[in-house]
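Just so you know, all these numbers are worked out from the coordinates, no wet-lab data involved. Because the structure is a prediction, the values reported are computed rather than measured. Virtual Cβ from ideal backbone geometry, glycine too; neighbours counted across all protein chains shown.
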Amino acid sequence: MRICLASIFFTLIFTIGSSISAKDFHVYYLGGQSNMDGYGFVKELPDELKNGVPDVRIFHGDMGKDGEAPSGEGKWSELKAGHGRNFASDGKVNQYSDRFGAELTMATRLKEMYPDRNIAFIKYSRGGTSISSDASAQKTFGAWDPDWEGGEGKGKKINQYDHFLATLSNARADKDIDDDGEEDKLIPVGIVWMQGESDAMEPEVAAKYEANLSELMNLLRKDLGNENARVVVGRITDWKVWTHGDVVRKAQADFVTKDKNAALVTSTDKYGNSDKWHYDTAGYLDLGKKFAEAFKE
């Protein structure tokens with residue numbers, strides 16, 4: 001009888017311990033082009049962010065080019081400073097850069113809003129990319145058009161969307177993202193999209209942006225596994241460098257108006273710029289907060 005009771009007691013303790021260790025993570029996908037990559041300077045971060053946000057996990061997929069075999073290598077890790085321009089990963093080691101994006105303050109604000117939730121990010125973005133494969137930017141930087149027909153061999157028809165899918169697959173392959181010995185559950189809840197500048201350079205491409213954005217966001221929702229996921233779009237700035245930026249800005253607003261669960265962050269117009277195309281450090285710090293607050297229930 002004693003042995004039986006001891007066995008039951010051990011099983012009960014093991015079960016309770018497992019339920020405490022295993023976690024549900026609310027996952028947000030961060031995608032787009034260079035203003036999602038992040039051009040804020042790590043050296044200019046406030047002291048409270050220089051060590052990152054240790055209770056938030058991130059999988060940051062390595063960039064790939066159109067026409068190349070799918071990339072998306074990365075590894076789950078604590079959110080640190082340095083997930084900006086020139087971040088790289090080989091799936092074993094993350095190489096952090098001297099730049100950061102919206103992820104740091106977005107994580108901090110989400111934790112303030114939802115202190116009882118476990119937060120995780122999947123990030124894949126590539127500077128200069130358009131949605132439309134008809135954009136001139138596609139030839140240099142790539143495009144997110146899932147119907148692109150270019151490339152050869154293992155790179156045939158491989159574009160930015162395929163690199164995103166590779167990132168997603170690699171992220172899902174790790175069943176224990178916080179390395180505590182227990183299998184975790186990833187719950188996709190949201191998409192943050194900061195992109196559109198490269199579609200604003202030619203009038204015929206800009207005119208199709210709303211339709212292309214809607215198609216892409218719904219495809220992202222489907223492949224993430226939540227067709228009701230909230231989409232938060234960062235409005236491109238009204239800087240004159242975007243020749244047809246007014247058309248894309250209107251398209252972004254129209255998409256949000258028509259979509260059943262989307263929001264538009266417009267604070268970008270107030271940000272300073274570190275060069276002709278990118279926000280300054282203060283802008284990225286504010287952008288992350290605004291992204292998080294757009295998810296407030």
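Filter the cross-link list Lys23/Lys260; Lys50/Lys290; Lys50/Lys123; Lys80/Lys258; Lys111/Lys175 down to pairs whose alpha-carbon distance in this structure exceeds 26 Å.
Pairs exceeding 26 Å: Lys23/Lys260; Lys80/Lys258.
Using percent of Cα pairs over 29 Å apart as the read-out, say which of [x] 33; [y] 41; [z] 49 was calculated from these coordinates.
[x]
Out of the trypsin sites (Lys or Arg not before Pro) in the stretch 252-282, which ones are loop residues according to DSSP with at most 15 other C-beta atoms within 10 Å?
Filter output for the stretch 252-282: Lys260, Lys276.
So if R0 is 35 Å, what FRET efficiency would Glu182 and Asp246 give, r being the distance between their Cβ atoms, rounded to the nearest 0.05?
0.10
Distance between the C-alpha centers of the stretch 150-212 and the stretch 242-297? Whole Å please.
What the calculation gives is 19 Å, centre to centre.
Once amide H atoms are placed 1.01 Å from N in the peptide plane, what residues at a sequence separation of 5 or more from Gly234, or on another chain, have their amide H within under 5 Å of its amide H?
Hits under the 5 Å cutoff: Trp193, Met194, Gln195, Val265.
Go ahead and estimate [θ] at 222 nm for the chain from helices alone: -39,500 (n - 2.57) per DSSP H run with n ≥ 4, summed, over the residue count, rounded to 500.
-10000 deg cm²/dmol
Using DSSP to call loops (not H, G, I, E or B), can you name the GluC sites (Glu not before Pro) in the stretch 178-249 whose Cβ has at most 13 other Cβ atoms within 10 angstrom?
Listed in order of number, the matching sites are Glu183, Glu227.
Give me the number: length gained by fully extending Val93 to Asn228, i.e. 0.36 nm times residue separation minus the C-alpha to C-alpha distance, one decimal in nm.
Additional length available on full extension: 45.2 nm.
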